[in-house]
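Engineer: Below is one structure. I have some questions about it.
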Amino acid sequence: MKICQIEKPLVATNRIPGLEHRHLQVVRDGKNQLVAVDPVGCKPGDWVICVGSSAAREAAGSKDYPSDLTIVGIIDYWDEEH
């Protein structure tokens, strides 16, 4: 699992079959910008927990879903200074 921060929504209207109807977010993992599937409804600035690999596909709804990063929770409190 990774802790990331939501930067902004990502809009991609032309997608492969199976990827439609899923919200996508640009997240920051340290210095890297990544794209994550958002099944929980995040907003910019939220700190979130993300999973990758096969856990990301299952969290997105199916083992066949083409995701390698999925948001699984919004962090209510986290002191990023420590």
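Engineer: Restricting attention to the range 53-74, and to residues there that are touching a Ser or Thr at 6+ places or on another chain (Cβ under 8 Å) and assigned to a helix (DSSP H, G or I), which single residue is farthest from LEU10 (Cα to Cα)? Give the steps one after another, and end with the answer.
Structural biologist: Of the residues in the range 53-74, the ones touching a Ser or Thr at 6+ places or on another chain (Cβ under 8 Å) are 55-57, 59-60, 63, 68.
Applying the additional criterion that residues be assigned to a helix (DSSP H, G or I) yields 55-57, 59-60.
Values: ALA55: 21, ALA56: 18, ARG57: 18, ALA59: 19, ALA60: 16 Å.
That would be ALA55.
Engineer: Let me ask another. Would a scan of the range 49-58 turn up a residue that is under 17 Å from HIS21 (Cα atoms), surrounded by 11 or more Cβ atoms within 10 Å (Cβ to Cβ) and small (Gly, Ala, Ser)?
Structural biologist: Kept after step one, since they are under 17 Å from HIS21 (Cα atoms), are these residues of the range 49-58: 56-58.
Narrowing further to those that are surrounded by 11 or more Cβ atoms within 10 Å (Cβ to Cβ): 56-58.
Next, from what is left, pick out any that are small (Gly, Ala, Ser): 56.
So far as the range 49-58 goes, yes, one or more of its residues are under 17 Å from HIS21 (Cα atoms), surrounded by 11 or more Cβ atoms within 10 Å (Cβ to Cβ) and small (Gly, Ala, Ser).
Engineer: Cβ-Cβ distance below 8 Å, separation of 6 or more or different chains: which pairs start in the range 1-21 with a residue that is under 12 Å from VAL37 (Cα atoms) and end on one that is exposed (fewer than 14 other Cβ atoms within 10 Å of the Cβ) and among the small types (Gly, Ala, Ser)?
Structural biologist: Matching pairs, first to second residue: ILE6/GLY45.
Engineer: Which of the residues belonging to the range 25-48 are polar (S, T, N, Q) and either surrounded by 16 or more Cβ atoms within 10 Å (Cβ to Cβ) or part of a loop (DSSP other than H, G, I, E, B) (or both)? Even if it seems obvious, please write down each step before you answer.
Structural biologist: Going residue by residue through the range 25-48, those that are polar (S, T, N, Q) are 25, 32-33.
Hit for the range 25-48 is GLN25, nothing else.
FYI, it's all coordinate maths here, none of it is from the lab. Predicted model only: the values in this text are computed from it and were never measured. In this analysis, Cβ positions are derived from the backbone assuming ideal geometry, glycine residues included, and neighbour counts consider all displayed protein chains.
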